[in-house]
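Q: Below: one structure in structure tokens.
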Amino acid sequence: MAEKFAIDKVLELIQKNPHISDLHLTAGEVVSYRLNGEIVREEDAGVVSDEAMELTIRHLLLKDPQRFDNYLGEKDIDFAYISAAWVPYRVNAYFRTGKMGVVMRKISKDPRNLEDIMFADIADSIKKNVLAAKKWLYLVTGPTGSGKSTSIVSMLEHINKYRNENIVTIEDPIEYVFHPKKCLISQREIWHDTRSYANALRASMRQDPDIIFVWEIRDRETAEAVLSLAETGHLVFSTLHTSSASHTINRFIGLFPPEIQSSVADRLAEALIGVQSQFLVKSKDKSSRLWLFEVMLNTTSIKNNIKKKEIAQLDNIIDTSSLIGMTSLQRYAKRLLEKNIIDPADVQWLLQWDDI
């Protein structure tokens with residue numbers, strides 16, 4: 001019986017392996033998943049039929065006919081799903097050559113402490129300089145699958161434990177569901193709780209927030225909104241798909257027309273707390289993956305260079321500012337290499353060192 005393709009049984013197997021990050025299902029293909037960054041095809045599991053794929057997506061959409069019709073009309077849909085074991089997933093359902101498919105990103109159901117994902121001194125720097133702040137903007141950046149959500153959840157959960165604040169999140173979709181501790185927390189999902197980013201961002205100002213998390217800066221409108229929120233006395237977290245702090249500053253300013261980029265650079269320089277960029281790299285024994293981090297804090301020298309749009313100078317300032325809580329990707333990777341827990345070959349493509 002095809003029913004649900006026994007999706008919860010498949011997820012039960014996926015959940016038992018902490019090193020599996022994504023499940024891939026497509027009609028006409030075998031079940032596949034990403035294990036430690038590499039795709040594994042389960043040939044023995046057989047091919048997923050068209051009927052089973054449709055029933056699976058209907059099941060994941062909680063058998064909501066309107067959402068399924070939206071998927072058929074738009075040809076893709078993003079949403080969240082919580083398995084029978086209460087493990088959250090970020091889901092994208094799509095079409096490929098006319099066939100239905102779905103990718104499910106597994107989200108940790110328990111937030112991780114910052115010390116669990118980065119060196120303790122870097123975690124302490126973020127706690128002191130960012131998580132204790134009352135206002136301004138902190139950007140978490142990196143490619144898809146670099147653990148940005150894990151970092152954001154860890155930071156917001158730290159605030160939830162130790163500060164009495166009102167946190168508003170605007171997400172697409174909601175991945176981790178926070179349980180209020182010291183904070184009030186309002187999580188809003190695009191399309192489910194609000195019709196658009198623009199509506200949610202406008203409304204957030206009327207919800208008495210102290211801290212706002214905006215899931216992703218996708219366009220000029222969102223960039224302007226997060227900048228304005230930071231300027232009006234809120235602590236704002238958001239993400240970008242950029243590879244370093246300097247690239248992030250360039251991308252943010254570049255979202256605006258050339259004639260106002262100088263004024264945007266001035267505003268960003270004043271509103272920014274810092275930028276955290278991250279990548280994932282395999283451990284030396286290939287059994288797991290570790291993070292590489294770059295952390296830039298908005299010191300006077302950083303601020304002045306952003307205002308002058310001398311962005312190329314930022315990399316050198318970051319690399320020489322470890323004593324005040326910053327780290328470059330290169331410096332962070334060298335620390336992992338010194339501990340012999342990553343392979344030099346696995347970071348050569350990223351850092352392009354001649355001496356590795």
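Each value in this text was obtained by applying a stated rule to the coordinates, not by laboratory testing. What you see is a predicted model, and the numbers here were worked out from it, not measured in a lab. Cβ sites come from the backbone with ideal geometry, for glycine too, and all protein chains shown count toward neighbours.
Q: Hey, fewest Cβ within 10 Å first, where do THR299, THR26, THR97 land in order?
A: THR97, THR299, THR26
Q: OK, next. Karplus couplings for the range 13-27 from phi (6.51 cos²θ - 1.76 cosθ + 1.60, θ = phi - 60°), rounded to Hz, Gly and Pro as x?
A: Using θ = phi - 60°, the values come out as 5, 4, 5, 6, 10, x, 9, 8, 9, 9, 10, 10, 10, 9, 4 Hz.
Q: Next question, about the same structure. Restricting to DSSP loop positions (anything but H, G, I, E, B) with no more than 16 other Cβ atoms inside 10 Å of their own Cβ, which GluC sites (Glu not before Pro) remain in the range 7-87?
A: Passing both the DSSP loop test and the Cβ count: GLU29, GLU42.
Q: Between the helical axis of 65-74 and the dominant principal axis of the chain, each derived from Cα atoms, what acute angle in degrees is found, rounded to the nearest 10?
A: 70 degrees
Q: Using amide H atoms built in the peptide plane, which far-off residues or other-chain residues are under 5 Å from PHE213 H to H?
A: Answer set, sorted by chain and number: VAL168, THR169, ILE170, PHE237.
Q: Based only on other Cβ atoms within 10 Å, what is the fewest-to-most ordering of ASP285, ASP193?
A: The fewest-first ordering by Cβ neighbours comes to ASP285, ASP193.
Q: Right, next: Any idea what log10 I(q)/I(0) is at q = 0.10, 0.11, 0.13, 0.23 Å⁻¹ for the range 167-285, Debye with uniform C-alpha scatterers and no solvent?
A: -0.34, -0.41, -0.56, -1.40
Q: How fast does the range 262-335 diffuse by Stokes-Einstein, in µm²/s, taking the Kirkwood radius from C-alpha pairs at 37 °C and 0.692 mPa s?
A: 246 µm²/s
Q: Just round it to a whole percent: the fraction of Cα-Cα distances in the range 39-125 exceeding 16 Å.
A: The share of Cα pairs beyond 16 Å in the range 39-125 comes to 64 percent.
Q: Here is a follow-up. For labels at SER196 and ASP121 in the simple 7 Å Cα→Cβ model, what's the distance in nm?
A: Placing both labels 7 Å beyond Cα along the Cβ direction yields 4.8 nm.
Q: Which of ARG195, ARG220, ARG206 has the fewest other C-beta atoms within 10 Å, and how do the rest follow up to the most?
A: ARG206, ARG195, ARG220
Q: Still on this structure, please answer the following. Relative to the present Cα-Cα distance, how much length would full extension add between ILE260 and ASN164 at 0.36 nm per residue of separation?
A: 30.8 nm
Q: Give me the percent of Cα-Cα pairs in the chain that sit more than 33 Å apart, rounded to a whole number.
A: The calculated P(r) of the chain puts 33 percent of pairs beyond 33 Å.
Q: What distance in nm lies between label points placed 7 Å from Cα along the C-beta direction at LYS109 and LYS308?
A: Simple spin-label model gives 5.4 nm for this pair.
Q: Under 5 Å between amide H atoms, partner at least 5 residues away or on a different chain: which partners does SER196 have, H built in plane at 1.01 Å?
A: TRP191
Q: Continuing with this model, one more query. In the chain, what percentage of the DSSP-assigned beta bridges are antiparallel, given to the nearest 5?
A: Of the beta bridges lying entirely in the chain, close to 60 percent run antiparallel.
Q: Mind jotting down the distance between the C-alpha centroids of the range 112-190 and the range 51-79, whole Å?
A: Taking the Cα centre of the range 112-190 as reference, the centre of the range 51-79 is 30 Å away.
Q: 222 nm [θ] for the chain, helices only, -39500 (n - 2.57) per DSSP H run of 4+, per residue, to 500?
A: -10500 deg cm²/dmol
Q: Can you give me the angle between helix 329-338 and the longest principal axis of the chain, using Cα atoms only, in degrees from 0 to 90, rounded to the nearest 10?
A: 70 degrees
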